[in-house]
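Q: I'd like to ask you about the structure that follows.
The values are calculated or read from the model by the stated rules, or taken from the named source; none is laboratory data. All of these numbers come straight from a predicted model, not from anything done at the bench. All Cβ positions, glycine included, derive from the backbone under ideal geometry; neighbour counts span all protein chains shown. Accessible surface areas use protein heavy atoms only, side chains included; no ligands, DNA or RNA. Shrake-Rupley method; radii C 1.70, N 1.55, O 1.52, S 1.80 Å.
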Amino acid sequence: MANEVRQTMTQFWEEHSRDATVEEMMLDSSAALLSQEEKPEIISLLPCLDGLNVTAGARGWDREMHMYISCNEQTLTLLKRLMSIRYTGHLAKLASNVTAVDFMQNFIDKNREDNGYRGNITFLQADVTLLDFPNNTFDFVFSNWLFMYLTDEELVVLIEKMLGWLRPGGYLFFRESCFFQSGDCERTFNPTVYRTPAQYNHLLTSVTSKSGDNGFEIVMSKSVQTYIKIKKNQNQVCWMLQKVPRDADGHQGYTTFQQFLDNQQYSRRGILRYEKIFGDGFVSTGGLETTKVRPVQKTNIRGSGDTVFKMQEILSFLHLQEFIAMLNLVPGQRVIDVGCGIGGGDFYMAKTYGVDVLGMDLSSNMVEIAMERAIMERTPKVQFEIGDATRRIFTDASFDVVYSRDTILHINDKGALFRKFFTWLKPGGKLLITDYCCGDRPWSPVFEEYVKQRGYILYTPKEYGQFLEKVGFVKVQALDRTEQFVQVLNKELARTQEIKQDFLESFSEEDYNYIIEGWKEKLHRCSLGDQRWGLFLAEKPLDLIS
């Protein structure tokens, strides 16, 4: 069977490598434009490569894979398609030696023709399935359109090898066509394996090293924006993963924290159940009401409400300046939403204020739903990615605003995360966070059990503010908004009871009881003084003392 697959792939690439043109390599008549536009985008997603050694492996049947090996102090492993010949030259500037490996001789010849003059590149025809290197050799692996030419079995074997090749903390970057064919080139047959992003997520994070003590965790995954812009195609997806130690007891029986989120609190059904309560596009306290600005109305109300109510029924708290208004957003600013959920707040900010928003969430289920909604919203100013904020890398001063709603409760080292936020912000940039907090210890047994079961790491609002000040933020406001939280919970609870029949048309009685009991338990924990809700605002100084 394996030999038959190999022969089929060989036949496919012999047919599409005769002239070694970029159109053949990308199987697309718009290849030149796509290649020109996507190169800076892809490079911008990579970690700093300065001084790294470079290596890459070629998939036996992939027309355009190369491997780079260099002899510097560190090692960078890159697996990429020959469509990216220009990447070879770019990386050769950083590495002392580069070995470019490809299965198809025509592509090796073309790469040598374009880049051989550099003098530090060795060109080699080889099959990536047969490649092997000593353990802990490389710092970075780069793969462009390789995995989709491997069977699941072959991919698992290759990922296990990569985990061995990479040093602790090393990165894997890869990019694939998902769902269906992207290129418009005519094909007499097509043996490509078009997986879903979820399938890649599962395959890549489920494999462990041969010793079983290391695995990959997702740092980032997002659609390639060039293909959205030029071809209206969201199915070109790239990933950044990091090799990390596996902790069998660290995620309540799940291999990674992301798997814990996606299979427990943020299953797809669980997300949609929350949305029914919080309102379309929202999975955090108060929904749209605590996101947007509304005129103050003098009326006797119990809470801020949620978008399950008709729009004319939603009222603001008296004298309450709503959260987004506090940021004074202006068109053209860049906002990152850490823990974006299913994107309701991001669509609102982009449409109302003309800002560009990057929504990032570690839950692949959240981002999958957000991307589905993005198609309906039709706003190019919002992008989404699966991302681990604790590992994600951005150029300093990339954003005007960091925005996060009820997410950081999952993060252990909040100080380290806030230091990242500080570097991501431009001077004068603003930070807005709401999050679950706690009262002073000792806690009640019921709250202790709740925090343990959810895996939360909680601090008092005052301690939260101190973390921000210690990092260097100024104008820090650490506000205890538990009273508002309780009002919102009461209104959401009452509304859920009112719409029970409508709720049961989409969800089960068990789902309904989960919401009702869950909200009552939150109210009880708040009444004990254990569960608190904080609002935090801060700025990065305009003038930093070096």
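Q: So what is the accessible area of the range 117-203 per residue, in Å², with the probe set to 1.4 Å? It would help to have the intermediate numbers written out before the result.
A: Numbers: 3610 Å² over 87 residues.
Value for the range 117-203: 41 Å² per residue.
Q: Less than 16 Å apart at the alpha-carbon level, and either on another chain or at least 8 residues along: which lysines does that give for LYS210?
A: Candidates past the 8-residue exclusion: LYS161, LYS243.
Q: Below 11 angstrom from the Cβ of ARG481, what's the summed charge of the other residues (Lys, Arg +1; Asp, Glu -1)?
A: Details: positive: ARG532; negative: ASP435, ASP480, GLU483.
Result for the neighbourhood of ARG481: -2.
Q: So, one more: Below 20 Å, Cα to Cα, which lysines can LYS500 reach? Residues fewer than 8 away in the same chain don't count.
A: LYS500 reaches LYS276, LYS310, LYS491, LYS520, LYS522.
Q: Probe radius 1.4 Å, ligands and nucleic acids ignored: give me the carbon and sulfur share of the accessible area of the range 109-164 as a rounded percent.
A: Values: 1200 of 2410 Å².
The computed percentage sits at 50.
Q: Enumerate the lysines that LYS414 could reach by cross-link, defined here as Cα to Cα under 16 Å, with residues fewer than 8 away along the same chain left out.
A: The qualifying lysines are LYS462, LYS470.
Q: Whole number please: convex hull volume per residue of the Cα set in the range 123-267, in Å³?
A: Working: hull volume 20.4 nm³, N = 145.
About 141 Å³ per residue, rounded to a whole number.
Q: Of the heavy-atom accessible surface of the range 395-506 (probe 1.4 angstrom), what whole percent is carbon and sulfur? Each step should come with its number before you reach the end.
A: On the way: 2400 of 5030 Å².
Carbon and sulfur together cover 48 percent of it.
Q: Based on the mean of other beta carbon atoms within 10 Å per residue, what is the order of 468-478, 106-116, most packed first? Intermediate values should be presented prior to the final figure.
A: Working: 468-478: 16.5, 106-116: 18.9.
With the highest mean Cβ count within 10 Å placed first, the list reads 106-116, 468-478.
Q: Between the range 509-524 and the range 210-244, how far is it from one alpha carbon centroid to the other, in angstrom?
A: Cα centroid of the range 509-524 versus Cα centroid of the range 210-244: 36 Å apart.
Q: May I pose another question? Using a 1.4 Å probe, what is the accessible area per residue for the range 400-546, in Å²?
A: Values: 6820 Å² over 147 residues.
So the range 400-546 comes to 46 Å² accessible per residue, rounded to a whole number.
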